[in-house]
Amino acid sequence: MKEYKTFNQQLVILRKRGLIVPTDGSPKRFLEQENYYNVINGYKDLFLQKNNSGDRLVPEAYLPNTHFDELKALFLFDRELRFLFLKYILIFENSFKTVISHEFSRKYPKPNSYLEIKNYVDNNPKKVLQQIAILTKTIHDKVDKNGAIKHYIEDHGSVSLWVLVNYLTIGNLAHLYDILIDADKNTIAKYYLDKYKKQYNIASMPRFSSEDLGSALKVINLVRNKCAHDERLYNSNFGNIRVSNIANYFGFNNYDNKKIIVAIIYLKVLLDRNYFKKFYSDLRKIFEKYQKEFNTVKFSDVLRIMGIELSDLQRLQ
């Protein structure tokens, strides 16, 4: 276990490692507010000297002339990204709850049909039962508390899916979507494809398949969790996300399908046109706000870590 250090002692260590830290007290006040670990350990990597193999020097040393305010700027930049993504992911989440509940209920109108194993895929009964158990537990946990579930149980004897989805996370919904039969998945994916074509007034675009929507739900859930738990977002690595079909349509020929750019591409398809327009505008404003805050590294280096080239990003306007 590392020995406890006061804020002043921590700042002395940073200066010894080559970081320029003002002595006016502002860095100490900032770390007292935001936590040394979150700011320094979370965002220092971009500013550390590396050997020829790309590994940090031991002991750590900052790039020449690195200023404390650069780490602070990267920390605040990432926070604003999280706020922005969470805002528009919640908007999409509400849309998806509406679509999946109404499409499922339209096809399976019987009360509690979402609790019947026969209405889901037949090749993975364990996963189906796990998801049904989650739905059942959600009802059980809320049935004695004031709210819509209690009201529906007492007045109607069952809970409609369009009510129940309001108590589910986007992760729950992603798993629920995953166990739907292919025809039902395709119906939901087609809804978003048709909406996109109508709102952008285009006759055709590559098929937005159920697999594409499943991948979108995966990355959106990962991004939402990072935003909700105040974790680093800008340098996230989400693993290989299926996005080539849609990315190529928008002219992204050189992109990293592990980076945050994937979420932006999918939000272009999934959000209503006006919402994406505002999301895009707000994102560019954040970029403009912070692009001159870095001297040791280039802001383009930050964007590169996000998988973003501004020339490509403009294709999503």
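Applying the criteria of a DSSP loop state and at most 14 other Cβ atoms within 10 Å to the GluC sites (Glu not before Pro) of segment 49-126 yields Glu116. Set against the 2.2 N^0.38 Å expectation for a compact globular protein, the chain has a Cα radius of gyration ratio of 1.19.
Once fully extended, how much extra length lies between Asn146 and Trp162, figured as 0.36 nm per residue of separation less the alpha-carbon to alpha-carbon distance? Gain on extension, Asn146 to Trp162, equals 4.0 nm.
Annotation: per residue accessible area for the chain equals 53 Å², rounded to a whole number [probe 1.4 Å, protein chains only].
Contact order, relative form, for the chain: 18 percent (alpha carbon pairs under 8 Å, 6 or more residues apart, mean separation divided by residue count). Shape of segment 206-317 from its Cα gyration tensor (a ≥ b ≥ c, root eigenvalues): rounded if a/c is under 1.5, otherwise prolate when a/b > b/c, or oblate? In terms of gyration-tensor shape, prolate. Using a 1.4 Å probe on the protein heavy atoms, what percent of the accessible area of the chain belongs to carbon and sulfur? Reported share for carbon and sulfur atoms: 48 percent.
Between helix 182-199 and the chain there is an angle of about 70 degrees, using the helix long axis and the longest principal axis of the Cα atoms. Is segment 58-155 rounded, prolate or oblate when judged by the Cα gyration tensor, a ≥ b ≥ c being the square roots of its eigenvalues, rounded requiring a/c under 1.5 and prolate requiring a/b larger than b/c? Because a/c hits 1.5 or more and a/b exceeds b/c, segment 58-155 counts as prolate. Quick one: Cα centre-to-centre distance for segment 1-41 and segment 87-142, in angstrom? About 48 Å separates the Cα centre of segment 1-41 from the one of segment 87-142. Here the average projected area of the convex hull drawn through the C-alpha atoms of segment 120-259 stands at 11.4 nm². Cα centroid separation, segment 190-205 to segment 279-293: 28 Å. Each of Pro27, Asn240, Leu283 was placed along the dipole of the chain (beta-carbon charges, centred on the mean Cα), and the one lying farthest toward the positive end is Leu283. Annotation for segment 174-263: chymotrypsin sites (Phe, Trp or Tyr not before Pro) lying in DSSP loop with at most 14 further Cβ atoms inside 10 Å of their Cβ are Tyr200. Here segment 1-154 is assigned +1 on the Cβ of each Lys and Arg and -1 on the Cβ of each Asp and Glu. Its dipole about the Cα centre then comes out at about 300 debye. Placing +1 on the Cβ of every Lys and Arg and -1 on the Cβ of every Asp and Glu, with nothing else charged, gives the chain a dipole about its Cα centre of roughly 320 debye.
Dipole orientation for segment 167-317: of the candidates Phe299, Ile261, Tyr167, Phe299 has the Cα lying most toward the positive pole (charges on Cβ; Lys, Arg +1; Asp, Glu -1).
Could you tell me what % of all Cα pairs in segment 233-279 have separations over 16 Å? Counting pairs separated by more than 16 Å, the tail of P(r) holds 39 percent. Amide H to amide H distances under 5 Å link His67 with Ile20, Thr296, where only residues 5 or more positions off or on other chains count and H is placed in the peptide plane.
The values are calculated or read from the model by the stated rules, or taken from the named source; none is laboratory data. Just so it is clear, the structure is predicted and the values come from calculations on it, not from any experiment. In this analysis, Cβ positions are derived from the backbone assuming ideal geometry, glycine residues included, and neighbour counts consider all displayed protein chains. For the accessible areas, the whole protein counts, side chains as well, though only heavy atoms, and no ligand, DNA or RNA atoms are used. Shrake-Rupley method; radii C 1.70, N 1.55, O 1.52, S 1.80 Å.
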